[in-house]
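Notes to accompany the following structure.
The values are calculated or read from the model by the stated rules, or taken from the named source; none is laboratory data. Since the model is a prediction, treat every value here as computed from it, not as a measurement. Virtual Cβ from ideal backbone geometry, glycine too; neighbours counted across all protein chains shown. In case anyone asks, the SASA skips ligands and DNA or RNA and just uses the protein heavy atoms, side chains included. Shrake-Rupley method; radii C 1.70, N 1.55, O 1.52, S 1.80 Å.
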Amino acid sequence: MNVKWRLGMFFIAGACFLFFYLIAARNLPPWGHYPGPYGDVISSLAVYQRHATDVVNAIDYDYRGFDTLGEEFILFTSIIGVMLLLRDPKPRGGTAESDEGLSKTVKVSAGGLFGITLIFGLYICTHGQLTPGGGFQGGVIVATAFMLVYIAENLRRFKAIASHPLMEVLEALGAALYALVGVSALAVGLPFLTNWIPLGTTGDVFSSGTIAIISASVGLEVATGFILLSYTYLQDIVSGREE
Amino acid sequence: MKIAGSFLLLLIAVSGFMVVRTRDVTSQTLALSFYGLLLAVMFFFFQAPDVALSQIVVGAVALPLIIMLAIARMKHKEKSKGSEGGQ
Amino acid sequence: MLAFHLIPYAVAAWLFLCGLYGIVTSGHLVHTVISLVVLQTSTYVLLLAVGFRWGAVAPVFADISPGVVTVDPVVQALMLTDVVVEATVVALLLAMVVKVHEKAGTLSPDDLRMMRG
Amino acid sequence: MTTAPALPVAVPMLCAAFLAAVRKWLPRFFIDLVAVLAALFNLVLCLWLLHVSWSKSIVYWFGNWFPRGHMVVGIGFVIDPMGATLAVVAAFLTLLGLIYSSNSMESGKNHYQPLMLIFLAAMTGFCFTADLFNLFVFFELMSTAAFALCGLKTEEPSPLQGAFNFAVTNTVGAFFTLTGIGILYGATGALNMAQMGMLLGSRHDSLALTACLFIITGFLIKAAVFPFHFWLPDAHSVAPTPVCVLFSGLMVELGLFAILRVTSVIFGSSFAGAHDPLRSSFLVLGGTTAVWGGMMSFAEHHLKRVLAFSTISHSGLMLFAMGVGTPKAIAGWLIYVCGHAAVKSGLFFTAGILLHRLRTMSEPALFARGKGLKFTAVLWFLGGCGLAALPPFATSIGEDMVSQAKHGSLELACTAFFLVSGILTGGAVFRVFMRVFCGWGDRGPSDRAAQVDELPEMNEEHRTIPFRIFAPAAACVLAGIGLTFLPDLDSMLLDAAKRVLDRAGYIATVYAAPQNAGMAVGHHGLKIGTMIAHGIIAVACAWLLASWAVFHRSIPRRLRWPSHMEGSMRWVRQLQSGQPADYVAWAMAGVAALGGALFLMK
């Protein structure tokens, strides 16, 4: 099909699409007047039932935790897929991108940032049930901290961390841990993913039972996943520098 | 509040279109990063701090980073192929 | 008044169309992928608009007392996971693009005609 | 019942994570073994769940979040016989696929097995879930695993391009679905399908129509219905054989299943009017797809593409059956899906044997080279008969039930479409049979797509056909025949179909309300004479068509027109351009057309 036809088709069909969308939206409740009930019911239940103050995370890791299990496995699958596609790291002696361009100041400040970012990421990971944050966000921040190692430390250390065989094990463990929390409920005779751990005091780091554990496992999965992801992309550029 | 919200949404509509219209992929990635940041602001504005946080770290940083890495890798391949061809 | 209530939905529909437009006119595979990201943001805008309430607060009860009117936490939960997950799906798509580039040496769909016919 | 329903999803996921962790250290044999055992476990468990669900649909609330009053707070599974049957098919096909690939198939450093298990978990969850967003999550998980599996062969550029087209088109479809879900959530404020259906009630306004349109668009893309189908041949011709089996055997049909579930539970009462625009559109789309896919199937010369287009054709037939929409038609749909899964998988496995032995998938290149492969030839021939719905293949029962579902002109149209599709797809398979296994006629025309040469997927010596490669193909063909002889098949099918269409029953199940148990199911009187007659006509015509193409040189010039179909569909084939941009544009046109039909007939 040539471009003209394709564009013509796009504009006609796009106009229809816009029309369908807008006349449907006309029948939605007016903007800014969410009528409920789902969100309101959970908002009113979550703090009492789960001792979690961040309702969004209570939904993600508990009420609709099964969705998140699926989403986490989408992430896991994508990372396997990337590693599968970009496998075959035959060491080749290409010219590697030079890091001489980075000034010493950048390196030092990046090194200093590493610690701060890491702690911040871990904080976000572990306080998901209380304040905005949680495993997904914290995990990415932790991974970013390791990317700073790449900037600061001449790549070699980043490679040593990211290509360590334990990395993949940790990633799989992150994925498995979520499912294992679910299965552990089966072991005590409750349905999958039911909380059976004491809930603790609302507002405490160790409160909210399984939510905190699941959030941590998601954090592990996301952090290791993103590190593996960036390493897989960098692999070629990195391996040129081996000799 | 209502006017600011609508303005933000319109800004997003315009910048979304700009991202798509940018044909050079490197500048497009930068545009995407900016666009992601704008979305994060919108999430904050509309009372979604959780999503905003994940949008900042993913949409504005991690995702453009991954795209940049992919582009860098392809450029690297081209370069090394070129040097191999020259030898 | 009606026009005002349609604003977020119109923006969502517009972003969806922008993404489709990008894909349909794309001459570069990475551009296709980025257009897909824009397309996806349309669903964020829609979900956010659907669960929003004027004057309500975020559903975090750390600093507010229970019983205060909040915006819908459910849509936010749905979006939150989506944001992270789509990043990795995009990474998967890009991995395909990288590999295509490696094997075929081009990224323009017009030059990639293996699957024709 | 506090454990079993969660396990078919949880166990493959856990095994996948375990295998991904140990893949570098453990030998290939062990990894294959764990994967096969996990699939076997799923098969047994799903069979048991199917057995239990006959008497009463199983309801399972994750996290013990059972509904509070009318509000469903958590995610639930509702396992009814139809969902359980499809889950059994998923486990069966995955098991065979894993057996086929064990030991020797290129596995991308053992990344392949975990991906297959995740694919299985996603399909199973997709069959069971009662939550609309959860359905979407499993849809995405299934797609992601499928994209990754498509990229297993990274040696040539074409597979990657096929995988890329597949991924872009399906992701766009997923966002259509998500948009529909968002609109529907805005209107109802719920995500459980039963609750959404209840809250939506008989509302038949623009919102319900658009939401329905967008939701089913994603599933129609997955189901490869014309004009949403363009990605499918590209994906199939590049995926490894066991993955093709899962794609054609079940993934495509699951798209249709989701449409069935969504339209009956959520929109069942909204579209309940006497004049149902949705069903009429399904009839038109299904009929077009059946004929289009059949013609394209006959015009292709790459074995996997021939089979891929025949899947499109059969998917059209299934959609047609959904358009007929009576319990009998849906019962026919179910057995047709199962029978088709068995037959088509058998054919794909047989194609895999050819690839293993003869190292190509191109029909001209294979010419007369399959003469020595007697058993393989028999399987291929039987597969062709199965596609043409010859009794005793289970597909013939499906055809009979769907055709008898409604009297009048629809019955005639139904028979006609089944015959045309059977003749065209069966004819294509027979043509390959004559050329490759018998060496009749000449090489025949070739085309660019046929030259997309696949590297052999097996790493081992290819002089013989090991048992584990041959067995899955044989098992599939046997299963296609064996299904027919299940006792009480017709009443079981009718029961499953009635319960899928029974919206009130589904809602009652979710809310644990007392159900009116023991619905009068009744029997379906098979018209065995008609079945055999139809089967024989289809096979004979298909054989005739195939020989027309193969021996076109010895036929008078004036009578050569059917053979032209084989080579002269250039114009139509150019639509299959290999560009995601075109495919997305076509999908948009499809949305516009379908939406226009829905709104105009409103």
Verdict on D:Gly323 being in contact with a Gly (Cβ under 7 Å, 6 or more places away or on another chain), without any contact (Cβ under 8 Å) to a residue 60 or more places away in the chain and surrounded by fewer than 24 Cβ atoms within 10 Å (Cβ to Cβ):
yes
Any chance C:Ala49 is closer than 30 Å to D:Ala148 by Cα, in a helix (DSSP H, G or I) and either within 8 Å of chain A (Cβ to nearest Cβ) or among the polar types (S, T, N, Q) (or both):
no
Mind listing whichever residues of the stretch C:6-46 are farther than 17 Å from A:Gly14 by Cβ, within 11 Å of chain A (Cβ to nearest Cβ) and in a loop (DSSP other than H, G, I, E, B)?
C:Gly27
Say we look at the stretch B:58-80 and pick out the residues that are more than 19 Å from A:Val82 (Cβ to Cβ) and at the interface with chain A (Cβ under 10 Å from one of its Cβ atoms); which of these is surrounded by the most Cβ atoms within 10 Å (Cβ to Cβ)?
B:Ser80
How do the helices (runs of 4 or more DSSP H) wholly within the stretch D:448-557 filter down when requiring 2 or more residues that are assigned by TED's automatic domain parsing to the domain that holds D:Val306 and at pLDDT below 80: which remain?
D:448-451
Assess whether A:Ile214 counts as being closer than 26 Å to A:Gln49 by Cβ, touching a residue at least 12 places away in the same chain (Cβ under 8 Å) and crowded, with 24+ Cβ neighbours inside 10 Å.
yes
Based on what the data block shows, is C:Val100 facing chain D (nearest Cβ under 7 Å) and either open to solvent by less than 10 Å² (accessible area, probe 1.4 Å) or outside any loop (DSSP other than H, G, I, E, B) (or both)?
yes
All positions within the stretch D:71-122 that are part of a helix (DSSP H, G or I), under 16 Å from A:Ser78 (Cα atoms) and not β-branched (Val, Ile, Thr)
D:Tyr112, D:Gln113, D:Pro114, D:Leu115, D:Met116, D:Leu117, D:Phe119, D:Leu120, D:Ala121, D:Ala122
State whether one or more residues within the stretch A:54-62 are within 30 Å of D:Met123 (Cβ to Cβ), acidic (Asp, Glu) and out of contact with any Asp or Glu (no Cβ under 6 Å at 6 or more places or on another chain).
yes
Report, by residue number, each residue of the stretch A:164-193 that is over 26 Å from A:Ile124 (Cβ atoms) and not in a helix (DSSP H, G or I).
A:Val188, A:Gly189, A:Leu190, A:Pro191, A:Phe192
Would you call C:Val69 under 20 Å from A:Ala46 (Cβ atoms) and more than 8 Å from chain A (Cβ to nearest Cβ)?
yes
For the stretch A:150-163, give me each residue that is of a type in the set (A, V, I, L, M) and assigned to a helix (DSSP H, G or I).
A:Ile151, A:Ala152, A:Ala160, A:Ile161, A:Ala162
Flagged in the stretch A:21-40 as in contact with a helix residue (DSSP H, G or I) (Cβ under 8 Å, 6 or more places away or on another chain), facing chain C (nearest Cβ under 9 Å) and assigned to a helix (DSSP H, G or I), in numbering order, are A:Tyr21, A:Leu22, A:Ala24, A:Ala25, A:Arg26, A:Tyr38, A:Gly39
When you scan the stretch D:199-206, do you find a residue that is closer than 28 Å to D:Ala405 by Cα, open to solvent by 10 Å² or more (accessible area, probe 1.4 Å) and either among the small types (Gly, Ala, Ser) or free of Cβ contacts under 8 Å to residues at least 40 places away in the same chain (or both), even just one?
yes
Can you tell which of D:Ala187, D:Ala167, D:Ala163 is touching a Gly at 6+ places or on another chain (Cβ under 7 Å) and either within 11 Å of chain C (Cβ to nearest Cβ) or modelled with pLDDT of 95 or more (or both)?
D:Ala163
Which condition does A:Ser43 not pass, out of (1) closer than 30 Å to A:Thr194 by Cβ; (2) within 18 Å of the chain's Cα centre (by Cα); (3) of a type in the set (Gly, Ala, Ser); (4) within 7 Å of another protein chain (Cβ to nearest Cβ), if it passes all the others?
(2)
Do any residues in the stretch B:55-79 that are modelled with pLDDT under 90 and charged (D, E, K, R) have Cβ atoms under 9 Å from those of residues that are outside any helix (DSSP H, G or I) and open to solvent by less than 10 Å² (accessible area, probe 1.4 Å), where the two are at least six apart or on different chains, and which pairs are they?
B:Arg73/A:Leu86
Scanning for something assigned to a helix (DSSP H, G or I) and open to solvent by 10 Å² or more (accessible area, probe 1.4 Å), does the stretch D:220-233 turn up at least one residue?
no
Pairs where the first residue, in the stretch D:352-370, is farther than 17 Å from D:Arg305 by Cβ and the second is surrounded by fewer than 18 Cβ atoms within 10 Å (Cβ to Cβ) and among the aromatic types (Phe, Trp, Tyr), C-beta under 6 Å, 6+ apart
none
